[in-house]
Amino acid sequence: MNLMLGIKQDKEIMSALQKGHFATAEEAEEGVWNHETMAQNFKFMKPYWDNLKHKYNTILIERFAGYFVEKHTKYNQSRDKVEEHFFQRLNQLRKHVCSHILLLEEMDQEGSRRVQEMDETKLQSNRRRNRQRRVRKYTLV
């Protein structure tokens, strides 16, 4: 999925969006009715980020699940889980995008500082959580 979005890590989603890895409202509406547009957008995995529950994204999810199950036959019985995972990944990436978009009243430096502070806070929280997990793991044994 990441390769189809043009990214290797979640944090690269912003540069992928700048390169045009998204569907516009017009493309989303046309993609629901025009399967050629949909096929073209599926090749490069261009989700409609404004509304993840849009019919366009539902079709994209179904097509991805079909492609994935076809490529990895051991997941034939788990197509629903593949679709659910795909939607969760889109949601996760969308949250990342929304947190990194500058607010209207922010200047570039202010926004960069806010995003950096937010990332550092998240990193500290994850480190603390990981340390707690390690301590629990060793105390349970």
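Every read-out reported here was derived from the displayed coordinates using simple, explicitly stated rules and does not represent laboratory data. For clarity, every value in this text was computed on a predicted model and none was experimentally measured. Using ideal geometry, Cβ is built from the backbone for each residue, glycine included, and neighbour counts are taken over all protein chains shown.
Note on HIS54, HIS72, HIS85: ascending count of other Cβ atoms within 10 Å places them as HIS72, HIS85, HIS54, the fewest first.
Backbone geometry of region 48-61 corresponds, through the Karplus equation with coefficients 6.51, -1.76 and 1.60 at θ = phi - 60°, to 3J(HN,Hα) couplings of 8, 6, 5, 8, 5, 8, 5, 3, 4, 5, 4, 5, 4, 5 Hz, x marking Gly and Pro.
Kirkwood hydrodynamic radius of region 2-101, from the reciprocal of the average inverse Cα-Cα distance over all distinct pairs: 13.8 Å.
Between TRP33 and THR121, the modelled labels are 4.5 nm apart [label points 7 Å from Cα along Cα→Cβ]. Packing, taken as the mean count of other beta carbons within 10 Å per residue, orders the peptides 116-122, 59-65 from highest to lowest as 59-65, 116-122.
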